[in-house]
1. Looking at Lys160 and the list (1) touching a strand residue (DSSP E or B) at 6+ places or on another chain (Cβ under 7 Å); (2) under 29 Å from Ser108 (Cα atoms); (3) of a type in the set (D, E, K, R); (4) part of a helix (DSSP H, G or I), which single condition is not satisfied?
2. Going through segment 134-157 one residue at a time, which ones are in a helix (DSSP H, G or I), open to solvent by less than 60 Å² (accessible area, probe 1.4 Å) and hydrophobic (A, V, I, L, M, F, W, C)?
3. I'd like the full set of residues that are of a type outside the set (Val, Ile, Thr) and within 20 Å of the chain's Cα centre (by Cα), limited to segment 131-150.
4. Would segment 122-133 turn up any residue that is surrounded by 17 or more Cβ atoms within 10 Å (Cβ to Cβ), within 20 Å of Arg167 (Cα to Cα) and not hydroxyl-bearing (Ser, Thr, Tyr)?
5. Within segment 163-173, can you find the residues that are open to solvent by 30 Å² or more (accessible area, probe 1.4 Å) and either within 30 Å of Arg109 (Cβ to Cβ) or in contact (Cβ under 8 Å) with a residue 40 or more places away in the chain (or both)?
6. With respect to Leu207, determine if the residue is more than 16 Å from the chain's Cα centre (by Cα), open to solvent by less than 30 Å² (accessible area, probe 1.4 Å) and either over 20 Å from Ala104 (Cβ atoms) or not acidic (Asp, Glu) (or both).
7. Please name all residue pairs, on different chains or six or more residues apart, with Cβ atoms under 6 Å, provided the first residue is in segment 138-159 and is free of Cβ contacts under 8 Å to residues at least 60 places away in the same chain and under 14 Å from Pro206 (Cα atoms) and the second residue is part of a helix (DSSP H, G or I) and of a type outside the set (Ser, Thr, Tyr).
8. I need the full set of residues from segment 174-202 which are assigned to a loop (DSSP other than H, G, I, E, B) and open to solvent by less than 60 Å² (accessible area, probe 1.4 Å), in order please.
Amino acid sequence: MPVDDGSDSEDKKEERREKKEDRRDEKRSDNKDRDRRDDRDRDRDRDRDRDREPRAGGASGAMRTFAGAVQASVAGASGASRPGPYDAPSSGKGKGKGPPPRKALDRSRSCPFLLRVFRKIGEHHGIEAFKERGQEPVDEELQVYAWPDVTLRELVDLIKDVAPEARAPNAKLSFNLIYPDKTGKNVSTVLGTVTCARRGPDDDKPLSSSKFQTGDLIDLAILK
């Protein structure tokens, strides 16, 4: 009959110790990975905070209007065709009533985004002014912060903060949307016109109903 000299027991103890060490190593590795992720998140937050700092010039008035708001990208619809600015009801027979109503945006839980507006007195810019990205007429640029559901009347109020010429009682502000078509070429389409002194049919049109996507531009004509 074999004699148990205790070596098997020692081997098992050693095996258990090795497993414990392995588990501790795995835990330390997990902790290091988590720390690295936290560091990356903090760095990203710092970079984003720097990007939120207002530029000198036209943007300051809008930033005061949206005091405490932060800049963020608002996800737009990807790959959707954009034949025109506003969704029209169905023109066919039957009871079609167009697209379903959009869900109301809770602005207290959503971050505004930077909207680039290019103004011109008396008329709109030609589309050639927006032919190349980065070659826009920046001397005529206004920067405001807004939500996707901002209305044209709200845009007028923001623009009046930074553009004195838009404050005249008889001024009319005509908005065009500049966006790339399927080929990547910028095209222009009419959004609407707002009269400063009185309300009109375009006042309550939100950008979101025009299929505006973050990164699109606004061409503004200030008419008198």
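The values are calculated or read from the model by the stated rules, or taken from the named source; none is laboratory data. None of these values were measured; they are calculated from a predicted model. Neighbour counts are summed over all protein chains in view; Cβ atoms, including those assigned to glycine, are modelled from backbone coordinates with ideal geometry. Surface accessibility is based on the protein's heavy atoms, side chains included, excluding ligands, DNA and RNA. Shrake-Rupley method; radii C 1.70, N 1.55, O 1.52, S 1.80 Å.
1. (1) is the only condition that Lys160 fails.
2. Hits for segment 134-157 are Leu152, Leu155, Val156.
3. Arg133, Gly134, Glu136, Glu141, Leu142, Gln143, Tyr145, Ala146, Trp147, Pro148, Asp149
4. Yes; the residues of segment 122-133 include at least one that is surrounded by 17 or more Cβ atoms within 10 Å (Cβ to Cβ), within 20 Å of Arg167 (Cα to Cα) and not hydroxyl-bearing (Ser, Thr, Tyr).
5. Passing the criteria: Glu165, Asn170, Lys172.
6. Considered against the rule, which asks whether it is more than 16 Å from the chain's Cα centre (by Cα), open to solvent by less than 30 Å² (accessible area, probe 1.4 Å) and either over 20 Å from Ala104 (Cβ atoms) or not acidic (Asp, Glu) (or both), Leu207 comes out as no.
7. If the second residue must be part of a helix (DSSP H, G or I) and of a type outside the set (Ser, Thr, Tyr), the pairs left are Val150/Leu207.
8. Result: Asp181, Gly184, Cys196, Gly200, Asp202.
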